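All remarks here apply to the structure that follows.
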Amino acid sequence: MRGRHLDAYSAYKRVASKDHINAYDREESSGLVNAKGIGNPSWRRSLPHMLVATLSSFLFGYHLGVVNETLDSISMDLGFSGNPLAKGLVVSTCLGAAFFGSIFSGWILDGVGHRRAFQLCALPMIIGASMSATTKSLWGMLLGRIFVGTGMGIGPPVAAIYVSEISPAFIRGTFGSFTQIATCLGLMGSLFIGLPAKDIVGWWRVCFWVSTVPAAVLAVCMEFCAESPQWLFKRGRGTEAEAEFEKLLGAAHVKFAIAELSKSDRGDELEAVKFSELLYGRHFKMVFIGSTIFALQQLSGINAVFYFSSTVFKSFGVPSDLANICVGIANLSGSVVAMILMDKLGRKVLLLGSFSGMAVAMGLQVTGASSYASGSGALSLSVGGMLLFVLMFSLGAGPVPSLLLSEILPGRIRAKAMSVCMAVHWVINFFVGLLFLPLLEQIGPIVLYTIFATFCLLAVIFVKRNVVETKGKSLQEIEIALIPPQ
């Protein structure tokens, strides 16, 4: 077995990494499975730990949408109803804080581990939501949103890495998709809970209080969840890693799992990762691929659709409540289908299909906004195109990037590299949200939607050329195949 491993590893020097992972798969994967001789571990063991982790994704979605239905009520109660800048700050301060939270998430995760990182994600969300729920002024609201945003920034990278590291390889894609589903449920939950805000005075305070419950559950339940065995192994705590593997996979799979970790150990796991290592050298390509996928995800215009869908629907006389429900159902439906297909079709196929479908959907919206369509035809093309766009996004471009990055980034730099890639996501997200409406007024929907469609097509080309398939492979197999020796 060791001989096979060395042969496959040395083959990297002779072939490109994209070809090598296929060669490695032919040479090694069948041998590894047969070496166990005991089949796949039960997914039921790691399921509870994964579900607790996805509470952070639920909170992420909830806080993204909590001010959607309640912002008018908040502005009236706190005395800034005639101030559009103040309204914008209530939204943007949260996004800005999320950027800083994501930047530091990698260092937090490497320093204290996954369980404590989740608790440090939940704590500012509890504090911030409580401050927002009890404040009597705009400044109190903004301070609360800063706390919440910090937790929002920490949560997504920690959840993606944790789920990938505790999940059996054969079902890692399915489990990874749960984070996207949880985000959808959080978004829809905040919209439904916020509906009475227009009729009941002070209801917006209840909306913030509600979010403290799942945050508290996350913080408490993490005390009973498994720590990532990979993180423990990197710290030289092999005995504890074995105990956590037994909890997650069963006793019969512990020795094989530890052997897998040992194969990707290059002797530098305990060395501190320098920021410069992420920007050049042998790790740069993986960080570049991850950052570019996140950038293209945001430049496709998806969050412009999420943020301003109700405005588009209103222009056709469709109530905003109905618009939000339709967008939420499309998002959730696609995420469920992606969960089913992730470990069957693979990550690359879903990404290619998703971005291609998004380009087609944007084409429908361009047609709907043009002079070729009018009346009911324009309504059908614009609204139908928007819903199709959200559906296609949730099939791949939504759930795959975080999962894929947690798989292709090597264990030593995984947390810090993920935080850098997520920071790119937040920066592009911020500017797309900031510039969408001004650009829509300046250059019109036809040109703007064409630009979004072009970015979707660029994403198809980039994924086709740079992304390798990772379904069914252990994290160690992927790392050995993709990262050249020093």
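Report, by residue number, each residue of the range 415-439 that is open to solvent by 20 Å² or more (accessible area, probe 1.4 Å), in contact (Cβ under 8 Å) with a residue 12 or more places away in the chain and over 30 Å from Ile161 (Cβ atoms).
Across the range 415-439, the qualifying residue is only Leu437.
Being of a type in the set (A, V, I, L, M, F, W, C), modelled with pLDDT of 90 or more and out of contact with any Leu (no Cβ under 7 Å at 6 or more places or on another chain) is the filter here, so list the residues in the range 296-310 that pass it.
Within the range 296-310, Leu299 is the sole residue that qualifies.
Looking at Ser402, Ser370, Ser406, Ser394, can you tell me which residue is among the polar types (S, T, N, Q) and at pLDDT below 85?
Residue meeting the stated conditions: Ser370.
Can you go through Ala481, Ala459, Ala378 and tell me which one is crowded, with 24+ Cβ neighbours inside 10 Å, modelled with pLDDT under 85 and assigned to a helix (DSSP H, G or I)?
Going through Ala481, Ala459, Ala378 in turn, just one is crowded, with 24+ Cβ neighbours inside 10 Å, modelled with pLDDT under 85 and assigned to a helix (DSSP H, G or I): Ala481.
Output the number of residues of the range 225-244 satisfying the condition of being free of Cβ contacts under 8 Å to residues at least 24 places away in the same chain and either more than 18 Å from Leu475 (Cα to Cα) or surrounded by fewer than 15 Cβ atoms within 10 Å (Cβ to Cβ) (or both).
5
Within the range 238-254, does at least one residue satisfy the condition of being part of a helix (DSSP H, G or I), within 21 Å of the chain's Cα centre (by Cα) and either more than 30 Å from Ile74 (Cα to Cα) or not aromatic (Phe, Trp, Tyr) (or both)?
no
When you scan the range 73-80, do you find a residue that is under 20 Å from Pro214 (Cα atoms) and in contact (Cβ under 8 Å) with a residue 12 or more places away in the chain, even just one?
no
It is to be established whether one or more residues within the range 393-402 are in contact with a helix residue (DSSP H, G or I) (Cβ under 8 Å, 6 or more places away or on another chain), not hydrophobic (A, V, I, L, M, F, W, C) and not in a helix (DSSP H, G or I).
The answer is yes; a qualifying residue exists.
Among (1) without any contact (Cβ under 8 Å) to a residue 40 or more places away in the chain; (2) touching a Gly at 6+ places or on another chain (Cβ under 7 Å); (3) under 27 Å from Leu278 (Cβ atoms), which single condition is Leu381 missing?
Unmet condition: (3).
Being under 18 Å from the mean Cα position of the chain (by Cα) and either open to solvent by 20 Å² or more (accessible area, probe 1.4 Å) or of a type in the set (A, V, I, L, M, F, W, C) (or both) is the filter here; which residues of the range 89-106 pass it?
Across the range 89-106, the qualifying residues are Cys94, Leu95, Gly96, Ala97, Ala98, Phe99, Phe100, Ile103, Phe104.
Within the range 167-188, identify whether any single residue is open to solvent by 20 Å² or more (accessible area, probe 1.4 Å), within 30 Å of Leu341 (Cβ to Cβ), charged (D, E, K, R) and in a helix (DSSP H, G or I), and answer yes or no.
Taking every residue of the range 167-188 in turn, none turns out to be open to solvent by 20 Å² or more (accessible area, probe 1.4 Å), within 30 Å of Leu341 (Cβ to Cβ), charged (D, E, K, R) and in a helix (DSSP H, G or I).
Among the numbered criteria (1) out of contact with any Gly (no Cβ under 9 Å at 6 or more places or on another chain); (2) closer than 28 Å to Val91 by Cβ; (3) modelled with pLDDT of 75 or more; (4) not polar (S, T, N, Q), which single criterion is violated by Ile340?
Result: Ile340 passes all but (2).
Can you tell me which residue among Arg145, Arg115 is surrounded by fewer than 24 Cβ atoms within 10 Å (Cβ to Cβ), over 15 Å from Met418 (Cα atoms) and among the basic types (Lys, Arg)?
The unique qualifying residue is Arg115.
Return the total of residues in the range 320-340 being free of Cβ contacts under 8 Å to residues at least 40 places away in the same chain and surrounded by 16 or more Cβ atoms within 10 Å (Cβ to Cβ).
The total comes to 1.
The values are calculated or read from the model by the stated rules, or taken from the named source; none is laboratory data. Owing to the predicted nature of the structure, the values given are computational and were not obtained by experimental measurement. All Cβ positions, even for glycine, are placed from backbone atoms using ideal geometry, and neighbour counts span all protein chains on display. Quick note on the areas: whole protein, heavy atoms, side chains included, nothing else; ligands and nucleic acids left out. Shrake-Rupley method; radii C 1.70, N 1.55, O 1.52, S 1.80 Å.
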